[in-house]
Amino acid sequence: MSDDFRSAVAAGVLGTEKNYRELLQSIVEVARAIFSAKASSIFLLDEATDELVFEAVAGEGSESLVGRRFPSSTGIAGFVLVSRQPLVIEDVLTDPRFSRETAESTGFVPKGLMAVPLLHEESALGVLEVLDRPSEARFTLAEMELLGLFAAQAAIALDLLQRARRAQQALAGEGELAVLARIADRLERRRDDEDEGTAAAAEFLATLEKIL
């Protein structure tokens, strides 16, 4: 099945965008608390516009940054996205990759940060950042492993968020794909047993796709 068709099926079996946004928010809130940081954020790469988008923010800027965009090559987040390598920087002002202008536009200029790419299969979906953990706390390998665990969960949530958005676009569209997406949605609402309902919905939609 095509990616768009799978997204249509996802409208019935993977949940809603709201669920995944809440999951992303919980990840940044827990990451901020665990590292005793001033802020934490998750960026999603919008491939259509080649921009990084704030999808979830905890702490500084949490009330105004969600939805803000900037070019994907900007600053440390952009470097981490492209390089696919995590970074720990104790003093960002001395790092040439840091974009002070971008940071100032958010209303918060951090002193230090940890950033890790959000990887799913072969794709770099975004970046997780933890800003201004206590300066007296020395960074350890255990913390990097913990940050990696947060990144793995965030990558899964971002992938599901993208699928849910594509599914909603299919539901709102016209033509055969939209019809199939709406069928998937109705099957999900009416199923009695989760596992059997999911399998039946997928099999039914696969058959319809072949017919169409």
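The values are calculated or read from the model by the stated rules, or taken from the named source; none is laboratory data. Just so it is clear, the model here is predicted, and its values are computed rather than measured. Glycine also receives a Cβ, built like all others from the backbone with ideal geometry; neighbour counts cover every protein chain displayed. To get the accessible areas, we keep the full protein, side chains included, count just its heavy atoms, and leave off ligands, DNA and RNA. Shrake-Rupley method; radii C 1.70, N 1.55, O 1.52, S 1.80 Å.
Figures for the structure shown
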{"read-out": "For segment 113-172, convex hull volume per residue from C-alpha positions, Å³", "value": "81 Å³"}
{"read-out": "Full-stretch length increase - V30, R100 - with 0.36 nm per residue and alpha-carbon distance subtracted", "value": "22.6 nm"}
{"read-out": "Summed side-chain charge close to T94 - residues other than T94 whose Cβ falls under 13 Å, Lys, Arg +1, Asp, Glu -1", "value": "0"}
{"read-out": "Segment 111-128 and segment 41-77: distance between their alpha carbon centers, rounded to Å", "value": "12 Å"}
{"read-out": "Listed residue (A124, P86, V30) projecting farthest to the positive dipole end of segment 7-151, Cβ model", "value": "V30"}
{"read-out": "Sites L141 and S73 - FRET efficiency at Förster radius 30 Å, r taken between beta-carbons, to 0.05", "value": "0.55"}
{"read-out": "Two-site FRET efficiency, E63 against V88, from Cβ-Cβ distance with R₀ of 35 Å, rounded to 0.05", "value": "0.80"}
{"read-out": "Tail fraction, Cα-Cα pairs, segment 45-93, threshold 17 Å, whole percent", "value": "45 percent"}
{"read-out": "Segment 31-119 shape via C-alpha gyration tensor axes, a/c threshold 1.5", "value": "rounded"}
{"read-out": "Convex hull of Cα atoms in segment 15-166, direction-averaged projection (nm²)", "value": "8.3 nm²"}
{"read-out": "Karplus (6.51, -1.76, 1.60) ³J(HN,Hα), θ = phi - 60°, over segment 117-126, in Hz, Gly and Pro reported as x", "value": "x, 9, 10, 9, 6, 9, 10, 9, 8, x"}
{"read-out": "Relative contact order [Cα under 8 Å, 6+ residues apart], segment 15-166, whole percent", "value": "26 percent"}
{"read-out": "Solvent-accessible ranking of E122, E90, largest area first, probe 1.4 Å", "value": "E122, E90"}
